[in-house]
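Reading through the structure tokens given below for one structure.
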Amino acid sequence: TELKNIRNFSIVAHIDHGKSTLADRLIQSTNTVADRDMKAQMLDSMDIERERGITIKANSVRIEYKANDGELYILNLIDTPGHVDFAYEVSRSMQAVEGSLLVVDASQGVEAQTLANVYHALDADHEIVPVLNKVDLPAADVEAVRTNIEDVIGIDASDAVEISAKTGLGIPAVLEAIVTRLPAPKGDRDAPLKAMLVDSWYDAYLGVVVMIRVIDGTVKKGDVVKMMQTNATYKIDKLAVLKPKMVDFPELGPGEIGILTASIKQVRDTKVGDTITHDKKPCAKALPGFAPSVPVVFCGLFPVDANDFDDLRNAIEKLQLNDASFSSEMETSAALGFGFRCGFLGLLHLEVIRDRLEREYDINLITTAPSVIYRIFMRDGTMKELHNPADMPDLTFVDHIEEPRIKATIMVPDDYLGDVLKLCQDRRGIQMDLTYAGARAMVVYDLPLNEVVFDFYDRLKSITKGYASFDYQFMDYREDNLVKMSILVNDEPVDALSTMVHRDRAETRGRAMCEKLKDLIPRHMFKIPIQAAIGGKVIARETLSALRKDVTAKCYGGDATRKKKLLEKQKAGKKKMRQFGRVEIPQEAFISALKMD
Ligand code: GTP
């Protein structure tokens with residue numbers, strides 16, 4: 001296909017503003033998929049995911065469209081990962097296309113996630129076509145949202161396309177806007193091959209599938225290609241385009257997007273953002289901006305039942321087939337036994353993986369407190385990265401400690417602003433910006449990642465009744481007065497409860513944890529001291545008094561069934577307990593003890 005007849009684009013939208021519905025409409029109205037095969041949400045391949053038990057990131061579609069000018073165009077839509085943790089992957093997808101549709105729900109307006117993604121699009125020099133969706137809703141206010149887009153994002157929205165992805169209204173205008181308002185790609189067909197690795201995933205039948213965007217040159221089945229970052233070479237077994245089903249394709253030229261397979265063993269061997277070229281006739285320079293994705297949040301995952309350890313290992317390996325950014329290492333904890341220390345790109349990533357392990361693989365897990373990576377600068381001039389508070393070196397050898405900070409953007413209706421500011425302040429935030437757009441405020445905070453990893457998002461949702469939207473990006477590492485706080489139960493340190501805290505907050509945090517644990521740990525036949533300590537110094541203490549009578553004593557009278565039920569309940573509760581020395585601690589304690597409210 002000639003360059004002038006190609007348009008590559010992505011859709012930028014906040015969750016629920018209608019990205020998938022619009023994509024479906026574009027696919028349907030161009031007969032890309034026969035009507036009888038049209039399933040709602042073509043780009044969401046959750047069904048296949050469920051069927052095969054692994055993630056399939058079907059994420060691009062090639063649409064043929066005969067425009068009003070009488071010419072046939074190839075429109076390539078690339079789907080970008082939806083959530084904040086995949087910022088790098090989003091930025092690469094954006095680099096692979098020339099324009100974006102900015103979809104905003106006309107009854108809602110711009111949200112934090114819209115903003116984060118539109119910045120990626122602007123960074124990639126995209127032409128942006130604003131699309132106001134859901135105009136069929138009575139609550140839609142097209143003019144207000146138009147102004148909102150101009151105020152918050154600063155792009156012209158006067159010729160925004162007004163649509164209803166649900167009813168199909170305005171879809172032809174979207175297709176014309178893609179052709180007439182977005183630029184054609186540029187590239188040199190005669191230059192050596194230069195293609196970007198946009199995404200990759202594991203397919204049970206095909207092995208590793210790689211999505212590419214050709215910049216210069218051409219690529220064919222049978223070609224031997226080289227990945228410039230890893231230096232590995234592969235012979236292409238299959239070259240195809242996604243419609244969104246795979247359709248074999250003889251050759252891809254500049255501006256085109258497709259997939260290849262090449263007997264690549266693991267997703268790990270394919271690096272998003274890498275440059276693919278011919279082994280024999282390579283291009284002179286790799287594409288700029290490559291960065292290996294590295295985990296930033298770590299936590300321990302332990303099976304509640306030690307017998308599930310092998311199942312857990314297998315499940316983690318399965319998930320890793322498709323997710324190279326999720327790392328794991330065996331870990332042993334004095335408190336929790338054998339498990340894994342796992343690394344994630346961010347909080348949501350962590351939650352998604354943990355949920356899948358529990359739900360899809362049916363493994364009962366104890367998750368230890370998420371921790372960020374601290375940089376420990378030793379007196380001898382060396383620096384250690386700390387992934388687990390339990391490994392904190394002796395303080396006498398430590399010079400100073402640095403922690404990662406983020407720039408958080410929160411959008412919230414006015415009414416809740418006060419509570420949001422307080423939450424950010426409580427989490428050691430520094431306000432960077434506060435602006436208004438209509439009845440909504442946008443606040444930008446500089447926050448320690450550590451204060452956000454645990455329950456910040458949950459708290460934010462609950463204090464704003466779900467009306468706040470949140471997005472963040474990594475800023476830098478900064479020194480602060482940080483210490484390791486240990487928790488001792490019955491005078492024994494429980495390693496899985498160790499956390500890094502700011503010195504000024506240690507007492508408050510320690511007291512809160514001890515109080516929580518006191519409620520969470522059932523009484524025993526003896527008194528149990530629960531303490532928080534920094535180094536050898538106890539900073540908070542609670543005592544769980546001894547149990548006097550057995551629980552059934554409360555059920556006076558001779559109600560035997562009630563008594564039996566209670567005992568059964570107690571037994572079931574026991575299964576979820578872990579034994580620490582002479583004390584039993586319920587599994588939920590490990591997470592609940594750390595919640596701050
Ligand atoms: P995620 O897939 O969750 O990221 O959301 P999304 O942005 O892809 O939104 P999706 O297309 O799933 O739409 C979200 C909800 O809005 C769905 O219930 C749609 O049916 C509905 N919706 C989408 N477009 C319209 C529209 O034009 N009008 C109305 N009334 N509802 C719409």
Taking Cα atoms, the helix 417-426 axis meets the longest principal axis of the chain at an angle in degrees (rounded to 10) of 60 degrees
For the stretch 355-410, dividing by residue count, accessible area per residue (probe 1.4 Å) in Å² works out to 47 Å²
Classified through the alpha carbon gyration tensor (a ≥ b ≥ c as square roots of its eigenvalues; rounded if a/c is under 1.5, else prolate when a/b is larger than b/c, else oblate), the chain comes out prolate
So the carbon and sulfur contribution to the accessible area of the chain, 1.4 Å probe, in percent, is 49 percent
Computed, not fitted: 222 nm per-residue ellipticity of the chain from DSSP H runs ≥ 4 (each -39500 (n - 2.57)), nearest 500, equal to -7000 deg cm²/dmol
Protection proxy (average C-beta count within 10 Å per residue), highest first, orders 342-348, 362-368 as 342-348, 362-368
With a Förster distance of 45 angstrom and the Cβ-Cβ distance between N68 and D362, calculated FRET efficiency to the nearest 0.05 equals 0.25
Under the Karplus relation with 6.51, -1.76 and 1.60 and θ = phi - 60°, whole-Hz ³J(HN,Hα) for the stretch 98-103, x at Gly and Pro, equal 9, x, 9, 8, 9, 8
Using alpha-carbon positions, the gyration tensor of the stretch 201-324 gives root eigenvalues a ≥ b ≥ c; with a/c under 1.5 called rounded, otherwise prolate if a/b exceeds b/c, else oblate, the class is prolate
A correct Karplus calculation of ³J(HN,Hα) over the stretch 170-178, with 6.51 cos²θ - 1.76 cosθ + 1.60, θ = phi - 60°, whole Hz and x for Gly and Pro, returns x, 4, x, 5, 5, 4, 5, 5, 4
Using alpha-carbon positions, the gyration tensor of the stretch 274-430 gives root eigenvalues a ≥ b ≥ c; with a/c under 1.5 called rounded, otherwise prolate if a/b exceeds b/c, else oblate, the class is rounded
Most packed first (mean Cβ within 10 Å per residue), the peptides 477-490, 238-251, 203-216 order as 203-216, 477-490, 238-251
So K384 and Q579, fully extended at 0.36 nm per residue minus their Cα-Cα distance, gain in nm 67.0 nm
accessible surface per residue for the stretch 187-283, probe 1.4 Å, DNA/RNA/ligands not counted, whole Å² -> 40 Å²
To the nearest Å², the heavy-atom accessible area per residue of the stretch 460-520 with 1.4 Å probe amounts to 47 Å²
So L206 and N5, fully extended at 0.36 nm per residue minus their Cα-Cα distance, gain in nm 69.3 nm
Sorted by chain and then number, the residues having a modelled amide H within less than 5 Å of the amide H of Y374, at least 5 places away or on another chain, are L386
Extend 7 Å from the Cα of A173 along its Cα-to-C-beta direction; within the stretch 117-136, residues with backbone N under 16 Å of that point are 129-136
FRET efficiency (L348, R523; Cβ distance; R0 45 Å; to 0.05) is 0.75
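The values are calculated or read from the model by the stated rules, or taken from the named source; none is laboratory data. Because the structure is predicted, anything quoted here is derived from the model rather than measured. Backbone-built Cβ (ideal geometry, glycine too); neighbour counts: all protein chains shown. When the accessible area is computed, the model is the full protein with side chains, heavy atoms only, and any ligands, DNA or RNA have been set aside. Shrake-Rupley method; radii C 1.70, N 1.55, O 1.52, S 1.80 Å.
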